[in-house]
2 protein chains.
Amino acid sequence: MAGDATETRKKLLAAATEEFAARGIAGARVDRIAAEAGANKSLIYSYFGSKDGLFAAVYDAQVVLTIDAVPFTADDLPGYAARQFDHHRLHPTVQRLTTWSRLERGTDASPIEAIASSNIRKITAIEAEQAAGRLPTRFSAYELLSMVLAIANMWATGSHQPPGAADIARQRQSIIDAVKLLIG
Amino acid sequence: MAGDATETRKKLLAAATEEFAARGIAGARVDRIAAEAGANKSLIYSYFGSKDGLFAAVYDAQVVLTIDAVPFTADDLPGYAARQFDHHRLHPTVQRLTTWSRLERGTDASPIEAIASSNIRKITAIEAEQAAGRLPTRFSAYELLSMVLAIANMWATGSHQPPGAADIARQRQSIIDAVKLLIG
C-alpha cells in the first residue's frame, strides 16, 4: 500500500498548504486539514511529526516550486525581479507562508533548507558577476540580493496602495527600472 | 468616573497592542487582553465594538505614534528611509501589526484612516519636490514612496538573512545608498 500512503501524504500536503496560507501556523487546524484530505488526523503526526513539522514540509515544498519556476539570473537582475513579481502575483501562497513564518516562527527558527541553499547559490552567482566587473561592488552580493527582492516584492507587501493604483504593467516596469538604477 | 474610564481604555489598548503584535487578530484572545488590563471583558465591546474594532484602534494609535516619531522629509528621502529603519528596529510593533493586518484583513479591509491620510500627505510632498525639479519624475510620487519604504524595510522583512549579517550600521548605510541611487 505504499502507493496509497504517497497519495495520502500528497493530499495532506495540499490541504495543509491551503490551510496554512489562509490561517497561519497557530490558526491552522489539523482536524480541518485531515478532513479536507480525507485522511485520519493521526497520519499527520506519523508523516510529519507535528503541526510545525507539517508547516515546514509545506513551506519547503512551496519554496522549491518557486525556485524552479523563477530561475535566478545574476546577469539579469531586473528580469529576475520582474519574473519574481509575475510569479508571486499569480501564486501568492509562498509569500503568505514566508510572512506567517516570519511572524510566528521568528528569525530564530531553524531555516528552511531549500531557502538557505538557494540563497547561497544566488549570492555566489552575484559575487561571480561582481568579480567579472559586470555588477557594481558598492553593495555586497547579499545586500544586492536583499534590495532586488525588496523591490520585486514591493507591490505585494505594501499596505499603502491607494485605490486604482494596481496597474500591473506599470508596477512591473517600475520594478525593472528600480533594479536597473540599483545596479547601474 | 470619566477619569477611570479613560484609564481603563488606555490599559485595554496597551494590553491589546502586546497581544495583537504577538499573536495577530485571529490568535489574540479578548479574555487575555481583559485579564492583562485588569478590566472586565465586556468593556472591550462597549469601548471598541468588537475584536476587529479593538485591532483597528490599536493599529491606528501605533501608526500615529510612528508618523509622529519619523517625520516625512520629501527633500531628504535617504534620511527618511534611514530614520524609518531606526524606528522600526527599536519599535517593531507597528510593522508586526501591519503585517498581521495584511495577512488577516487582506487588502479589501477598510484602510486605517491615519495611514491613508499620511500617505496622501507624503505623496503630495513628493509631487511638490518633483514639480520643483528636486526629485526625478521617472517614477510617480506613489511609486517612489513605495520604493523608499520597500528599501527602508528590507532588513526587517527579509527572511533570507544569513547568520552574522545583521551589522546595523552597514544595513543602515545600504538603505541610504540605495535610496540615493533610486532618486539620483
Residue in region B:43-57 that is at positive phi, outside the structural domain of B:I115 (by TED's automatic domain parsing) and surrounded by fewer than 20 Cβ atoms within 10 Å (Cβ to Cβ) present: yes
Sole residue being buried (at least 17 other Cβ atoms within 10 Å of the Cβ) and touching a Lys or Arg at 6+ places or on another chain (Cβ under 9 Å), chosen from A:A69, A:A22, A:A39, A:A35: A:A39
Check on A:A74, within 30 Å of A:A141 (Cβ to Cβ) and touching a residue at least 60 places away in the same chain (Cβ under 8 Å): yes
Residue in region B:74-87 that is small (G, A, S) and in contact with a Gly (Cβ under 7 Å, 6 or more places away or on another chain) present: no
Region B:95-153, subset touching a residue at least 12 places away in the same chain (Cβ under 8 Å) and acidic (D, E), residue nearest to the other protein chains (Cβ to nearest Cβ): B:E104
Residues of region B:120-146 that turn out to be outside any loop (DSSP other than H, G, I, E, B) and in contact with a helix residue (DSSP H, G or I) (Cβ under 7 Å, 6 or more places away or on another chain), as a count: 11
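So that you can scan it fast, the table gives a plain yes or no per residue for (1) in a helix (DSSP H, G or I); (2) more than 14 Å from chain B (Cβ to nearest Cβ); (3) closer than 21 Å to A:I175 by Cβ; (4) aromatic (F, W, Y):
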{"site": "A:T17", "(1), (2), (3), (4)": "yes, yes, no, no"}
{"site": "A:A26", "(1), (2), (3), (4)": "yes, no, no, no"}
{"site": "A:I33", "(1), (2), (3), (4)": "yes, yes, no, no"}
{"site": "A:E36", "(1), (2), (3), (4)": "yes, yes, no, no"}
{"site": "A:L54", "(1), (2), (3), (4)": "yes, yes, no, no"}
{"site": "A:T73", "(1), (2), (3), (4)": "no, yes, yes, no"}
{"site": "A:D86", "(1), (2), (3), (4)": "yes, yes, yes, no"}
Test for B:Q130: is it within 18 Å of B:L13 (Cβ to Cβ) and either at pLDDT below 95 or crowded, with 16+ Cβ neighbours inside 10 Å (or both): no
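The values are calculated or read from the model by the stated rules, or taken from the named source; none is laboratory data. As the structure is a prediction and not an experimental result, all values here were calculated from the model. FYI the Cβ positions are ideal-geometry reconstructions off the backbone, even for glycines, and counts take in every protein chain you see.
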